[in-house]
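Visitor: Provided herewith is a single structure, encoded as C-alpha cells, for subsequent inquiry.
The values are calculated or read from the model by the stated rules, or taken from the named source; none is laboratory data. Worth saying up front: this structure is predicted, and the values here are computed from it rather than measured. Neighbour counts are summed over all protein chains in view; Cβ atoms, including those assigned to glycine, are modelled from backbone coordinates with ideal geometry. Just the protein is used for accessible areas: all its heavy atoms, side chains included, with ligands, DNA and RNA removed. Shrake-Rupley method; radii C 1.70, N 1.55, O 1.52, S 1.80 Å.
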Amino acid sequence: MKKKTTTDRTLGGTTAWLLAVLLLFAGSVPIASASIENQCFRDARPSMGTLLQVTICGAGAENTRIARRIFARVAVLDQVLTTWAADGPALRFNAGAGGGPQLVHPDLFAVLRAARFWAERTGGAFDPAIGRLLAVWREAGSSGIEPSREVLAEARRQSGYVGLEVLADGTAALRKPGMAIDLGAIGKGWALDTLAREIDMPLGTSFLFDFGGSSYLARGAPPDDRTWRVEIRREDGTSAAVVPLRDQALSVSGALGRVNRVGGRMRSHIIDPRTGMPVEKPRFAIVRADDATAAEVLSTAFVVLEETSARALLNEVSAEALVTSEKGAEWRVGALGRLDRHQVEKP
Ligand code: AMP
Ligand code: MG
C-alpha cells in the first residue's frame with residue numbers, strides 16, 4: 001500500500017513538541033558488518049510507499065534468486081493491499097462498503113483476518129477500519145484547516161473495526177456505506193511474515209528483512225555473529241541503542257513519524273480511534289516480538305494506548321515493548337535495553 005510521504009517537519013510549534021523532538025527517537029537502521037558485506041547478498045526495491053531491503057546469507061549463489069522471488073512476491077502484496085493506487089483488491093473492497101459480503105483476493109482475506117484479530121486484541125487501539133477518519137485528517141493536513149465537528153462525527157460513524165466482518169468462506173464485508181480499511185499499520189509486518197513463510201530457502205539460510213526502517217524480521221544470525229542488530233536513532237541522528245534480533249521481529253512507531261500542521265498545531269499521522277483525533281502525545285514505541293505482524297500492530301497500538309492498558313495487553317501477548325513520552329520518561333516490558341543510554345544488549 002502506498003503511504004503519503006509528504007511531511008511538514010517545520011516545527012516552531014509548541015515547546016513541548018520541540019522538547020519531544022530532542023528527547024525522542026526518529027527511526028532505526030540495520031547495522032552492517034564486514035562479514036555481512038563479504039558473505040551476504042543485499043538488495044532493495046521500492047514497495048508499499050517505502051523501501052524493502054533484504055540481506056540474505058548462507059545460501060551461496062541461491063541468495064540472489066531468493067531475493068528475486070521475494071521482490072516478485074512483495075510486488076503482488078503491494079498491489080493487493082494498497083489503498084492509494086488507482087485500482088486494486090483493497091480499494092475495490094472499500095468501494096463495496098455497505099453492500100454486503102464480497103469475495104476478496106486471498107491475500108487480502110488473510111490480512112483482513114489478521115487485522116480483525118489484532119483490532120480485537122488491542123481493544124481497537126489498532127483499528128484497520130479507520131480509513132474515513134484518516135481521509136479527513138489527510139485532507140486537513142493538505143488544507144491546514146481543522147475538520148468541522150460535523151465532518152469528524154460523520155467520519156467516526158463510518159469508522160470502527162466492529163463494522164469489518166471477516167467471514168469463514170473467503171468473503172468479508174464493511175457494514176456501513178462510506179467505511180474504508182487502511183492497512184498502513186499492519187501491511188508491512190504482515191508482508192514480512194508472509195515472505196518468510198512462503199519463500200523456499202535452503203536450510204541454514206539467514207536473513208534480515210528491513211521494511212522502510214520501521215519493520216524488521218530476522219532469521220538466524222549473520223555469518224560469524226550471534227545476532228542481527230538494528231540501531232535506534234534519535235531525532236538528531238545520534239545513536240540511542242542497538243537492539244539484537246535473532247528469529248525475531250522489531251517494529252518502531254512514532255507519533256512524530258509524519259506530522260502535519262493543522263489549525264496551527266502539529267498533528268500526528270496516528271489516530272486514536274477512541275476519539276477520532278490524532279495522537280497528541282509525542283510517543284515513540286519499540287516492540288520486539290516473534291512475528292512481524294504482532295510487532296508492527298503493537299507498536300502503533302502503544303503510541304495510542306496509556307501505559308496501564310498497554311501493560312495489560314502485554315500480559316496476554318508474547319512481546320517486549322519500550323515506550324517513551326515527551327518527558328523522556330518511559331515504561332518497558334521485557335528485555336529491551338534502556339534506550340536513553342547507548343547499550344548493546346546481550347541476546
Ligand atoms: P505506523 O507508522 O506503522 O505506526 O502506522 C501508521 C499508519 O497506520 C498511518 O499512516 C495510517 O495509515 C494508519 N493508522 C493511523 N492510526 C492508526 C490506528 N490507530 N490503527 C490502525 N492504523 C492506523
Ligand atoms: Mg508500523
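Visitor: Of the residues that sit in the range 169-190 and are touching a strand residue (DSSP E or B) at 6+ places or on another chain (Cβ under 9 Å) and among the basic types (Lys, Arg), which one is nearest to ligand 2 (Cβ to nearest atom)?
Guide: Among them, the one singled out is 188.
Visitor: Of 101, 106, 30, which residue is crowded, with 18+ Cβ neighbours inside 10 Å and either in contact with a strand residue (DSSP E or B) (Cβ under 8 Å, 6 or more places away or on another chain) or touching a residue at least 60 places away in the same chain (Cβ under 8 Å) (or both)?
Guide: Among 101, 106, 30, only 30 is crowded, with 18+ Cβ neighbours inside 10 Å and either in contact with a strand residue (DSSP E or B) (Cβ under 8 Å, 6 or more places away or on another chain) or touching a residue at least 60 places away in the same chain (Cβ under 8 Å) (or both).
Visitor: Any residue in the range 181-200 that's away from ligand 1 (no atom under 12 Å from the Cβ): show its pairings with residues that are in a loop (DSSP other than H, G, I, E, B) at Cβ separation under 8 Å, as long as the two are six or more apart or on different chains.
Guide: Sorted first by the residue in the range 181-200, then by its partner, the pairs are 191/48; 193/291.
Visitor: What residue, among those in the range 191-212 that are within 16 Å of ligand 2 (Cβ to nearest atom) and open to solvent by 20 Å² or more (accessible area, probe 1.4 Å), is modelled with the lowest pLDDT?
Guide: Restricting to residues being within 16 Å of ligand 2 (Cβ to nearest atom) and open to solvent by 20 Å² or more (accessible area, probe 1.4 Å), the top hit is 212.
Visitor: What about residue 301, is it closer than 23 Å to residue 49 by Cβ, touching a Pro at 6+ places or on another chain (Cβ under 9 Å) and open to solvent by less than 10 Å² (accessible area, probe 1.4 Å)?
Guide: no
Visitor: Can you spot a residue in the range 264-274 that is open to solvent by 10 Å² or more (accessible area, probe 1.4 Å), more than 16 Å from ligand 1 (Cβ to nearest atom) and touching a residue at least 24 places away in the same chain (Cβ under 8 Å)?
Guide: Checked against the condition, which is being open to solvent by 10 Å² or more (accessible area, probe 1.4 Å), more than 16 Å from ligand 1 (Cβ to nearest atom) and touching a residue at least 24 places away in the same chain (Cβ under 8 Å), the range 264-274 yields at least one hit.
Visitor: Quick check: is even one residue across the range 124-139 at positive phi and out of contact with any strand residue (DSSP E or B) (no Cβ under 7 Å at 6 or more places or on another chain)?
Guide: Checking the range 124-139: at least one residue is at positive phi and out of contact with any strand residue (DSSP E or B) (no Cβ under 7 Å at 6 or more places or on another chain).
Visitor: Can you find a residue that is under 19 Å from the mean Cα position of the chain (by Cα) and assigned to a strand (DSSP E or B) anywhere in the range 176-194?
Guide: No, the range 176-194 contains no residue that is under 19 Å from the mean Cα position of the chain (by Cα) and assigned to a strand (DSSP E or B).
Visitor: Tell me, please, whether a residue that is out of contact with any Phe, Trp or Tyr (no Cβ under 8 Å at 6 or more places or on another chain), away from ligand 1 (no atom under 11 Å from the Cβ) and under 27 Å from residue 34 (Cα atoms) can be found in the range 249-261.
Guide: There is no residue in the range 249-261 that is out of contact with any Phe, Trp or Tyr (no Cβ under 8 Å at 6 or more places or on another chain), away from ligand 1 (no atom under 11 Å from the Cβ) and under 27 Å from residue 34 (Cα atoms).
Visitor: What number of residues within the range 108-136 are part of a loop (DSSP other than H, G, I, E, B), within 15 Å of ligand 2 (Cβ to nearest atom) and small (Gly, Ala, Ser)?
Guide: Counting residues in the range 108-136 that are part of a loop (DSSP other than H, G, I, E, B), within 15 Å of ligand 2 (Cβ to nearest atom) and small (Gly, Ala, Ser) gives 1.
Visitor: Moving to a separate point now. I'm told residue 35 meets every condition in (1) within 19 Å of residue 245 (Cβ to Cβ); (2) free of Cβ contacts under 8 Å to residues at least 40 places away in the same chain; (3) open to solvent by less than 60 Å² (accessible area, probe 1.4 Å) except one. Can you identify the failing condition by its number?
Guide: (2)
Visitor: Still on this model: Is it true that some residue in the range 146-160 is within 27 Å of residue 298 (Cα to Cα), exposed (fewer than 15 other Cβ atoms within 10 Å of the Cβ) and at pLDDT below 95?
Guide: Within the range 146-160 (the criterion being within 27 Å of residue 298 (Cα to Cα), exposed (fewer than 15 other Cβ atoms within 10 Å of the Cβ) and at pLDDT below 95), the answer is no, since none of the residues qualifies.
Visitor: So, in the range 139-150, how many residues would count as being touching an Asp or Glu at 6+ places or on another chain (Cβ under 9 Å) and free of Cβ contacts under 8 Å to residues at least 24 places away in the same chain?
Guide: Here the count works out to 1.
Visitor: Still on this structure, please answer the following. Can you give me the number of residues within the range 84-107 that are in contact with a helix residue (DSSP H, G or I) (Cβ under 9 Å, 6 or more places away or on another chain), among the hydrophobic types (A, V, I, L, M, F, W, C) and outside any helix (DSSP H, G or I)?
Guide: 5
Visitor: To continue, here is another question. With 288, 229, 261, 267 as the choices, which residue is within 16 Å of ligand 2 (Cβ to nearest atom) and part of a strand (DSSP E or B)?
Guide: 288
Visitor: Given the condition farther than 30 Å from residue 226 by Cα, of a type in the set (Gly, Ala, Ser) and modelled with pLDDT of 95 or more, answer yes or no: does some residue in the range 57-71 qualify?
Guide: Scanning the range 57-71, I find no residue that is farther than 30 Å from residue 226 by Cα, of a type in the set (Gly, Ala, Ser) and modelled with pLDDT of 95 or more, so the answer is no.
Visitor: With the requirement that a residue be open to solvent by 60 Å² or more (accessible area, probe 1.4 Å) and within 22 Å of residue 325 (Cβ to Cβ), what does the range 213-234 give you?
Guide: 233
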